[in-house]
1. How many of the residues making up the stretch 25-48 are surrounded by 19 or more Cβ atoms within 10 Å (Cβ to Cβ) and among the charged types (D, E, K, R)?
2. Search the stretch 176-195 for residues being aliphatic (A, V, I, L, M) and at pLDDT below 50, and hand back the single one that is surrounded by the fewest Cβ atoms within 10 Å (Cβ to Cβ).
3. From Asp79, Asp95, which residue is free of Cβ contacts under 8 Å to residues at least 40 places away in the same chain, in contact with a His (Cβ under 8 Å, 6 or more places away or on another chain) and closer than 17 Å to Thr61 by Cα?
4. Quickly run through the stretch 95-121 and pick out the residues that are over 10 Å from the mean Cα position of the chain (by Cα) and surrounded by 22 or more Cβ atoms within 10 Å (Cβ to Cβ).
5. Among the residues of the stretch 1-45, which ones are among the polar types (S, T, N, Q) and either over 15 Å from the mean Cα position of the chain (by Cα) or within 20 Å of Ala175 (Cβ to Cβ) (or both)?
6. From (1) open to solvent by less than 50 Å² (accessible area, probe 1.4 Å); (2) at pLDDT 95 or above, pick out the condition that doesn't hold for Asp127.
7. So which residues in the stretch 108-161 are aliphatic (A, V, I, L, M), part of a loop (DSSP other than H, G, I, E, B) and in contact (Cβ under 8 Å) with a residue 12 or more places away in the chain, if there are any at all?
8. For the stretch 10-64, which residues satisfy the criterion of being hydrophobic (A, V, I, L, M, F, W, C) and in contact (Cβ under 8 Å) with a residue 40 or more places away in the chain?
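The values are calculated or read from the model by the stated rules, or taken from the named source; none is laboratory data. Bear in mind that the values here come from a model prediction, so they are computed numbers and not experimental data. Cβ atoms come from the backbone with ideal geometry, glycine included; neighbour counts cover every protein chain shown. For accessibility, only protein heavy atoms count, side chains too; no ligands or nucleic acids. Shrake-Rupley method; radii C 1.70, N 1.55, O 1.52, S 1.80 Å.
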Amino acid sequence: MARICVYCASSEAIAPHYVDLAGEVGAVLAARGHALVSGGGSISAMGALARAARAEGAHTTGVIPQALLTWEVADHDADELVVTPDMRTRKGEMDDRSDAFLVLPGGIGTLEELLEIWVARTLRMHDRPVVVLDPDGLYDPLREQIRVLVDRGFMRPASADLLRWTTSVAEAFDAIEAELSAPAPAAAVDPAGTAADPSELLEAEP
């Protein structure tokens, strides 16, 4: 069993099929024997995700900042609801409690979470899977921006490759499970045999 952190939308203005997608993710997560770590919300995709996971028997942990708890949008049915003082602490709690990260369609909050956890992996602060599930191309402009950054030398191709892109729920969980079961990669070294400088990991060779 893995503890999978799922980042997704809490906006109630999104199309219903994104909410349905989150529900499918929750159900499949449970069917595959995993536990859910989420943002602790009860509305939109976030709520559908947690309810579907619980309905199929998964343990659910919600992590929510006090400000959102005050707005009465918390998932009080979570098996464990962790209340943090702010958003930064929330992200740290979600990170600490997770073995892998799955990113669904979402807004600026989801983008922030994706970029932060991806950068941390690029800097070798963790080696856990970071997988994006994008069935209808919502993130196509982001993928193009990443390509431009690589082409212009602002990002190493290896950094871009650490983010896995998938288009179906089954593909997303297959990618997570394959990476979790793979042998740990060896630390990168430079030609002189020393460990790579972390400051060089995000950007391309000069």
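1. Total satisfying the criteria: 0.
2. Ala192
3. Numbers: Asp95 fails: free of Cβ contacts under 8 Å to residues at least 40 places away in the same chain.
After ruling out the rest, the residue left standing is Asp79.
4. Pro105, Gly106 - these are the residues of the stretch 95-121 that are over 10 Å from the mean Cα position of the chain (by Cα) and surrounded by 22 or more Cβ atoms within 10 Å (Cβ to Cβ).
5. At the first step, the residues of the stretch 1-45 found to be among the polar types (S, T, N, Q) are 10-11, 38, 42, 44.
Selection gives Ser11, Ser38, Ser42, Ser44.
6. Only one criterion is unmet by Asp127, namely (1).
7. Leu123, Leu138, Met155
8. Restricting attention to the stretch 10-64, the residues satisfying the condition of being hydrophobic (A, V, I, L, M, F, W, C) are 13-15, 19, 21-22, 25, 27-31, 35-37, 43, 45-46, 48-50, 52-53, 55, 58, 63-64.
If the condition is that a residue be hydrophobic (A, V, I, L, M, F, W, C) and in contact (Cβ under 8 Å) with a residue 40 or more places away in the chain, then Ile14, Leu21, Ala22, Val25, Val28, Leu29, Val37, Ala45, Leu49 are the ones that fit.
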